[in-house]
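Structure first, then comments.
The values are calculated or read from the model by the stated rules, or taken from the named source; none is laboratory data. Please read these numbers as outputs of a predicted model, since none were measured by experiment. Counting neighbours? That spans all protein chains shown, and the Cβs are built from the backbone with ideal geometry, glycine included.
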């Protein structure tokens, strides 16, 4: 009896205290709200330089907060965000526990105005502050030796699913992005969500062109399953992407889902699905034309630990009719370890070429073939020991045979053909690669001094590899990583040749992929002999301003035939390949080669001697000195005069 009375008294006491707390909260809720707003504004002002302007604010019910004419102003006093009406109902119990959990949200009349003039945008302060904060986190993580990936993932997931309101109704939402007067808009007239469902409609300012967003979103289950599809007029661009990223993007359907597979200790596990149908996209860095992808699918299983991210090897990707399995991992600690593996089963060759995105590739578009292909990639890199990098990329064929060449004749190097030279995107010259060109030089009429210098400096294993030099590629990865910038490429002569003969000069991702595929087709299937490839290469390479091929170069510099070039002259011409138009800067005002070229001569000749391409006597007698006697001399004289003028301008007048 005594125990029962004690429990009743405790319950009454708790009820009284709770009642007092709620009474105090109700009595001082206005002051508490203002204090919270002041604290938020102070933090945002300090970090981003922004401030609030509010017409009215208060409580529409016991726990619902409302705002009207609410604005966010950047440091330049420009209005970034304006809200006509906002009504939020947080969970009181969650707030008492120190967590924000929104039960209901009503928002009407949201305007977000993003403006860029050239490279300056009115939201730059947000980005710079975010980058600075990220740098500070990275510095702190370096001191701690690692960043807790799973902890970060858990916080992000918590914020997404906890802050998402249980019920929401949004209407009249407009996001505008303007770049140099060109404006794109995202307009959402209506969006609704409840405990499990989401639905919304948006357009790009034209109400006749709409997009639908529908699906399921579970706060408690921490998962979603969403569909995005056009409501009318298929083929219209998704709003904002072009002005903000330069990417034009249309599609029929996107399906995205995520399920949290749970936690195992400190590891967060996620799995999900992403697919898109009839994708059409364009970005100048991806390709020079609009890419068309009929079907894309990615099923993933991701494990996130305190110091690692890992994409499970059961993850798969589909590109039209091509199916790949993928594995990737990143481990972070004292250094970083990266591992990437991609492989496929046997793919019918016709399915492979038919699955390549339309509009992206030019030379291999329309190729038809028999047999099967299998692709494998393995890449491993440890920043602690970069020299141990592993790289293997192989496309294997079985009973493979090309039955149709496609839009371009991939056999054309075997015959006389016209080579078109473009400069700054415009056709500069058309050169016949064959006897009809008086400067065309057969391979056996080119001096070994030049041929060996080119092979030594550009691709020493050209006659022994199948178009790719994995060792050179690995060395370029290591060199670029150690330098912290691009200092060395891994291109072979085959890759340079294919790029010049078949492809445009546009530096896009698609061009690099097609370059590799063309090299594989030509080299692995022996569509052209190595000797003929080298002959074509020597007859089309640029060796000066408007000078193409060894025949023109020999006359331009030395008034000689290519077969008569000396060792010093051959090495000099090979040194021009990286920057042929800058040849004049290799000479000083006295008309002699500048001293820094002595190192190049020494390194190239040492390799040639080691390979037995020159004798010890030739190496000993070699001097980094050439006498330019052809038309090129006129360019050097101009440079000499310019040097003299500069020296006179800098010298004091002694008279």
Some residue of the range 357-371 being farther than 24 Å from residue 512 by Cα, surrounded by 15 or more Cβ atoms within 10 Å (Cβ to Cβ), in contact with a strand residue (DSSP E or B) (Cβ under 8 Å, 6 or more places away or on another chain) and touching a residue at least 24 places away in the same chain (Cβ under 8 Å): yes
Residues within the range 407-427 that are modelled with pLDDT of 90 or more and part of a strand (DSSP E or B), tallied: 5
Yes/no for residue 308 being touching a helix residue (DSSP H, G or I) at 6+ places or on another chain (Cβ under 7 Å) and under 29 Å from residue 384 (Cβ atoms): yes
Extreme residue, nearest to residue 329 (Cα to Cα), among residues of the range 281-305 that are assigned to a loop (DSSP other than H, G, I, E, B) and in contact with a helix residue (DSSP H, G or I) (Cβ under 8 Å, 6 or more places away or on another chain): 305
Which numbered condition residue 594 misses (of (1) at pLDDT 90 or above; (2) within 13 Å of residue 572 (Cβ to Cβ); (3) surrounded by fewer than 16 Cβ atoms within 10 Å (Cβ to Cβ)): (1)
Top-ranked residue of the range 517-528 - restricted to ones that are in contact with a helix residue (DSSP H, G or I) (Cβ under 8 Å, 6 or more places away or on another chain) and touching a residue at least 60 places away in the same chain (Cβ under 8 Å), ranked as farthest from residue 415 (Cα to Cα): 518
Condition broken by residue 298, with the remaining ones in (1) crowded, with 17+ Cβ neighbours inside 10 Å; (2) in contact (Cβ under 8 Å) with a residue 60 or more places away in the chain satisfied: (2)
So residue 589, is it touching a helix residue (DSSP H, G or I) at 6+ places or on another chain (Cβ under 6 Å) and buried (at least 18 other Cβ atoms within 10 Å of the Cβ): no
The one condition in (1) out of contact with any helix residue (DSSP H, G or I) (no Cβ under 8 Å at 6 or more places or on another chain); (2) more than 21 Å from residue 549 (Cβ to Cβ); (3) in a loop (DSSP other than H, G, I, E, B); (4) at pLDDT 85 or above that residue 399 fails to fulfil: (3)
Condition met for residue 577 (within 23 Å of residue 421 (Cβ to Cβ), modelled with pLDDT under 95 and crowded, with 23+ Cβ neighbours inside 10 Å): no
Extreme residue, farthest from residue 301 (Cα to Cα), among residues of the range 312-347 that are surrounded by 16 or more Cβ atoms within 10 Å (Cβ to Cβ) and more than 23 Å from the chain's Cα centre (by Cα): 347
Those helices (runs of 4 or more DSSP H) lying entirely in the range 469-563 with at least 1 residues modelled with pLDDT of 90 or more and more than 20 Å from the chain's Cα centre (by Cα): 493-502, 509-524, 530-540, 550-558
Members of the range 563-582 that are touching a strand residue (DSSP E or B) at 6+ places or on another chain (Cβ under 7 Å) and in contact (Cβ under 8 Å) with a residue 60 or more places away in the chain: 573
Within the range 534-557, considering residues that are out of contact with any helix residue (DSSP H, G or I) (no Cβ under 7 Å at 6 or more places or on another chain) and under 14 Å from residue 631 (Cβ atoms), the one surrounded by the fewest Cβ atoms within 10 Å (Cβ to Cβ): 546
Pick from the range 382-396, criterion surrounded by 12 or more Cβ atoms within 10 Å (Cβ to Cβ), under 13 Å from residue 474 (Cβ atoms) and out of contact with any helix residue (DSSP H, G or I) (no Cβ under 7 Å at 6 or more places or on another chain), ranking: modelled with the highest pLDDT: 390
Selection status of residue 607, in contact with a strand residue (DSSP E or B) (Cβ under 7 Å, 6 or more places away or on another chain), surrounded by 14 or more Cβ atoms within 10 Å (Cβ to Cβ) and at pLDDT 85 or above: no
Count of residues meeting criterion [outside any helix (DSSP H, G or I) and either surrounded by 15 or more Cβ atoms within 10 Å (Cβ to Cβ) or without any contact (Cβ under 8 Å) to a residue 12 or more places away in the chain (or both)] in the range 431-459: 10
Residues located in the range 372-381, provided they are buried (at least 16 other Cβ atoms within 10 Å of the Cβ) and under 26 Å from residue 312 (Cα atoms): 373, 375, 377, 379, 381
Residue match in the range 512-531 (condition: within 21 Å of residue 457 (Cβ to Cβ) and either loosely packed, with under 15 Cβ neighbours inside 10 Å or touching a strand residue (DSSP E or B) at 6+ places or on another chain (Cβ under 7 Å) (or both)): yes
